[in-house]
Each structure stands twice: as structure tokens, then as C-alpha cells.
Amino acid sequence: MHANTIETTANQQGWTLHTGFAGGQWLETSSPAGEDLIIDVPSGRPIPETVHEHAEQFDPDEHVRALVRSPMEGQPGTIAELLEDAKAIQTMLDRLDAALSAPPDDDPHWEQWTAEALDEMLDDVAHKASSLAQTVLWHHHAANHGIETPENTRRQCLDTLDDLRDLMNRDASRHPLT
């Protein structure tokens, strides 16, 4: 699953994907009772795999025991409320895991697109392709002057290609038949 698709999927499930300066990533949301939930994604590790492990390893009972042993400011006052919130957290993790594990909808449903929608999509693709060409040209210039690294340029090109793929696979329902 591509970075843009992961971010969109996470957002649809109520999670926010953050990226730090050093490239580290984490997903963040709040439980129904207001507990801050953070899934730290180790550098170079696929986000869906990390989320799957969190969903599999999360134990609502153990979560409640940890909060009873070391209470946090603002947590619910009763064990029943803590357990209800912990079960909701498990559901949130399971839903995020299922959403990130779902196969992508790679069928762009071309036959359902209007001529106007196809023109708009092709304009977007042309713009992204132009950005990709500019990135490559910048790399050639910058590499000759010691400004840019090949790995950074490769990453930028792959990000742009991911954007292109997302544009090509947009859901045709965005532009219904007229």
C-alpha cells in the first residue's frame, strides 16, 4: 500500500499519520474516553505490518490493569469505564488493521468516467509527470554541484509516482455519468 493511500485510509479510520524530521512515523488518535493512542512505526518497517502487530498484541484486560497500577490524569474513574474504553481501543485497532490490509481498488472503472472527468484526470497526470521530470532534472543539476543525493531524488520520484498511481486509480464515482 502506498504512503498516500495509507494516510488516507488512516484518516478515514480516525487516525492521523505523522512523519518526523528523521523519517520516523507514528499514527495517533484518541480513544472514546480521551486516551491518547500512538502507534510508533520503526524506521523502514511497513505501517500495515506494525498496525497488525499492535492489533494482535493489544489486550484490553492488560491495558486496564496497567492503568489501574499507574493511573493517568484524566482517565475514567471506574474499572468498568476503563474496560469499556479498552474494548473500544481494540475495535479501533482491528478496524485500522482491516482497512490497511484490504486489497486496493485497482479497477478505475474507466467505462463510468465522463469525458470531462477523464480530461481532468489526464491534466492532473500531466502535471504530476511534469513534476517528476523537474525532480530528475534538478537531481542532475544538484548532483553535479554536490547539493542533492541520489537516494533523496529516488524517494521524491517514487513519491511522485505514487501520486500518479493514486490519480489513475481515483474512484470513478467522483464523476458520475451524466
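The values are calculated or read from the model by the stated rules, or taken from the named source; none is laboratory data. Just so it is clear, the model here is predicted, and its values are computed rather than measured. Cβ sites come from the backbone with ideal geometry, for glycine too, and all protein chains shown count toward neighbours.
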**Asked** Any idea which residue in the range 1-48 is nearest to Lys87 (Cα to Cα), counting only those that are in contact with a strand residue (DSSP E or B) (Cβ under 9 Å, 6 or more places away or on another chain) and among the acidic types (Asp, Glu)?
**Response** Asp36
**Message:** It is to be established whether one or more residues within the range 99-112 are within 27 Å of Ala33 (Cβ to Cβ), assigned to a helix (DSSP H, G or I) and modelled with pLDDT of 90 or more.
**Reply:** yes
**Request:** Looking only at the range 89-97, decide whether some residue is modelled with pLDDT under 90, farther than 24 Å from Asp159 by Cα and of a type in the set (Val, Ile, Thr).
**Result:** no
**Message:** Could you check the range 16-74 and list, in sequence order, the residues that are surrounded by 11 or more Cβ atoms within 10 Å (Cβ to Cβ), among the polar types (S, T, N, Q) and touching a Gly at 6+ places or on another chain (Cβ under 9 Å)?
**Reply:** Thr29, Ser30
